[in-house]
Amino acid sequence: MKILTFDSLPSTNQYCELLDLNQYEEFTVINVIEQTAGIGQRGNHWEAAPGKNLTFSIILKPTFVPIADQFQLTKTISLGITDWLKTVLPKEHVVKIKWPNDIYVDQKKICGTLTSAKINGTQIASAISGIGININQTHFSDWIPNPISMVQLLKEETTPEGALQGVLEAIEKRYIQLKGNLEAPDNEYLENLLHIQEKRQYIYHGRVIEAAIKGVNRFGHLELLCATGETLCCQMKEIQWVWQD
């Protein structure tokens, strides 16, 4: 594992995309103290106060993963982060994965991830997993929905460098597990999924529906069982959560 730390970058994922990844060993980490234009899901901006949080990308070379199964990478990264948080937070805090790849603690967002793969012919040549974790930030912009950070949970600051090492070790352990068994993350991903099998309200193509998460298919699509008995298979842009107390 090699960690390259920069003072400032617009986006660690975008930086990685400009690299010739053949020149970098697997699990090279691009870490930045200040990320000025971080990207989240749906093209949203990822906010991180300079020096307060973790913003980094991991270069992977998962040639052993079939193209159709690339969502296994998202599961693996999410579970690694979840594992780490469960070891550093007091037991009373509930750590969950919000489909497809955000990490929540006590139903508040502490981490976002974004994994993209580069295809070469019939296989995945490389992948970049960008990760942002709220560590010591206490003030967030009003437009950010329900954020939380480590310092707010622990009531004391965490050293970002130590946190980075810990979370990377947890992710690497899960990645090695995936190499040995492509189905390894499946059950635990579902067990850790936020609101699995709970009846909740969602916005589906502009209309409010009541449904329960039934599962996630091979391609990473969310499977919902509606109150009407209908089963929906949703991609990320088709569904929105309706937050309830």
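Can you show me the helix-derived [θ] at 222 nm for the chain, built from DSSP H runs with n ≥ 4 at -39,500 (n - 2.57) apiece and divided by the number of residues, rounded to the nearest 500.
So the calculated ellipticity at 222 nm is -7000 deg cm²/dmol.
When a/c is below 1.5 the answer is rounded, else prolate if a/b is larger than b/c, else oblate, so apply that to the chain with a ≥ b ≥ c taken from the square roots of the Cα gyration tensor eigenvalues.
Cα axes put the chain in the oblate bin.
What does the charge count near residue 73 come to, summing +1 for each Lys or Arg and -1 for each Asp or Glu among other residues with Cβ under 14 Å from its Cβ?
Local charge sum for residue 73: +1.
Is region 199-241 rounded, prolate or oblate when judged by the Cα gyration tensor, a ≥ b ≥ c being the square roots of its eigenvalues, rounded requiring a/c under 1.5 and prolate requiring a/b larger than b/c?
oblate
By counting other Cβ atoms within 10 Å of each Cβ, how are 56, 64 ranked from fewest to most?
Going from least to most buried by this count: 64, 56.
For Cα pairs less than 8 Å apart in space and 6+ apart in sequence, what is the mean separation divided by the residue count of the chain, i.e. the relative contact order in percent?
Normalised by residue count, the contact order of the chain is 17 percent.
With respect to the cross-link table entries 108/214; 155/237; 61/155; 52/179; 91/118; 155/179, which display a Cα-Cα separation exceeding 31 Å?
Pairs exceeding 31 Å: 155/237; 61/155; 52/179; 91/118; 155/179.
Can you give the charge dipole size of the chain about its Cα centre, rounded to the nearest 20 debye, using +1 on the beta carbon of Lys and Arg and -1 on the beta carbon of Asp and Glu?
That gives the chain a dipole magnitude of about 340 debye.
Computed from the coordinates by the stated procedures, all read-outs in this text should not be read as laboratory data. What you see is a predicted model, and the numbers here were worked out from it, not measured in a lab. Note that each Cβ is placed from the backbone with ideal geometry, even for glycine, and that neighbours are counted across all protein chains shown.
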